[in-house]
Amino acid sequence: MIPIKHFRDLRVYRSAMDQSMQLFELSKRWPKEERYSLTDQIRRSSRSVCSNIAEAWRKRRYEAHFISKLSDADGEAAEKQVWLEYAAKCGYIDRETYVLLDSEYEHICGGLVNMMTSPRKWCGVANLLKEAAEDYVVDRS
């Protein structure tokens with residue numbers, strides 16, 4: 001088992017970031033008339049998955065906040081899946097790409113749900129998660 005010290009260490013975060021960047025690259029080729037609707041929405045929702053995971057990690061001292069932010073990430077992932085389906089139905093991505101990306105987001109959602117159903121595994125006791133004061137000392141020499 002690899003210790004998780006940062007949200008970037010989370011497999012679900014890394015997967016969401018990879019998918020977000022892949023969607024960004026794919027959406028560059030979409031029609032300009034989609035710029036302020038489909039393209040913007042799918043980019044926002046995929047980026048929001050990552051940012052909500054990061055926020056959840058930083059709020060893990062409080063189990064309810066942790067779950068709430070993971071729930072937001074899960075909702076954004078589902079929204080991304082809807083936009084992805086539109087992209088496929090409009091012919092902007094082929095069926096194979098759609099199935100692959102949708103499957104990846106199913107795994108991301110599954111990871112988020114697993115984290116939400118066992119938050120104590122991730123949250124811990126608040127006093128154990130605090131950092132030592134020395135971590136904030138700045139060498140001014």
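What follows draws every value from the coordinates through simple rules; no lab data is involved. These numbers come from a predicted model, not from an experiment. No Cβ is skipped: glycine too gets one built from the backbone with ideal geometry, and neighbour counts run over all protein chains shown.
Any idea what angle helix 63-89 forms with the longest principal axis of the chain, computed on alpha-carbon atoms, 0 to 90 degrees, nearest 10?
The angle comes out at about 10 degrees.
Would you mind checking the stretch 61-86 for residues with the amide N under 19 Å from a putative spin-label position 7 Å along Cα→C-beta of Val99?
It comes to 81-82, 84-86, nothing else.
Taking +1 at the Cβ of each Lys and Arg and -1 at the Cβ of each Asp and Glu, which of Leu101, Gly91, Ala77 sits farthest along the dipole of the stretch 7-119 towards its positive end, judged by Cα position relative to the Cα centre?
Going by the charge dipole, the pick is Ala77.
Inverting the mean 1/r over all pairs of different Cα atoms, compute the Kirkwood radius of the stretch 8-53 and quote it in Å.
In the stretch 8-53 this quantity evaluates to 10.9 Å.
With label points built 7 Å along Cα→Cβ from the Cα atoms of His107 and Phe24, find their separation and express it in nm.
In this crude spin-label approximation the distance works out to 2.0 nm.
Answer with one residue from Tyr36, Met21, Ile53: the one whose Cα lies farthest towards the positive end of the charge dipole of the stretch 1-65, charges on Cβ with Lys, Arg +1 and Asp, Glu -1.
Going by the charge dipole, the pick is Ile53.
Using a Gaussian network for the chain with springs between C-alpha atoms less than 10 Å apart, which of these wobbles most: Lys69, Lys32, Lys80?
Per the Cα network of the chain with a 10 Å cutoff, Lys32 tops the list.
How high is the relative contact order of the chain, in percent, with contacts defined as C-alpha pairs under 8 Å that are six or more residues apart?
Computed over the chain, the figure is 26 percent.
So if I place +1 on the C-beta of Lys and Arg and -1 on the C-beta of Asp and Glu, and nothing else carries charge, what would the dipole magnitude of the stretch 7-119 be about its Cα centre? I want it in debye, nearest 20.
Roughly 480 debye for the stretch 7-119.
Looking at the stretch 7-119 from every direction and averaging, what is the projected area of its Cα convex hull in nm²?
6.4
Could you sort out which of Lys32/Lys59; Lys5/Lys28; Lys89/Lys121; Lys32/Lys80 sit more than 28 Å apart by Cα distance in this structure?
Violating the 28 Å limit, Cα to Cα: Lys32/Lys59; Lys5/Lys28; Lys89/Lys121.
In whole Hz, with x marking every Gly and Pro, tabulate ³J(HN,Hα) for the stretch 31-37 from phi via Karplus 6.51 cos²θ - 1.76 cosθ + 1.60, θ = phi - 60°.
x, 4, 5, 8, 3, 9, 10
Estimate the FRET efficiency between Cys90 and Arg14 by the formula 1/(1 + (r/R0)^6), using the beta-carbon distance for r and 25 Å for R0, to the nearest 0.05.
In this case the efficiency is close to 0.30.
Given the C-alpha centroids of the stretch 21-49 and the stretch 66-122, what is the distance between them in whole angstrom?
Centre-to-centre distance over Cα atoms comes out at 15 Å.
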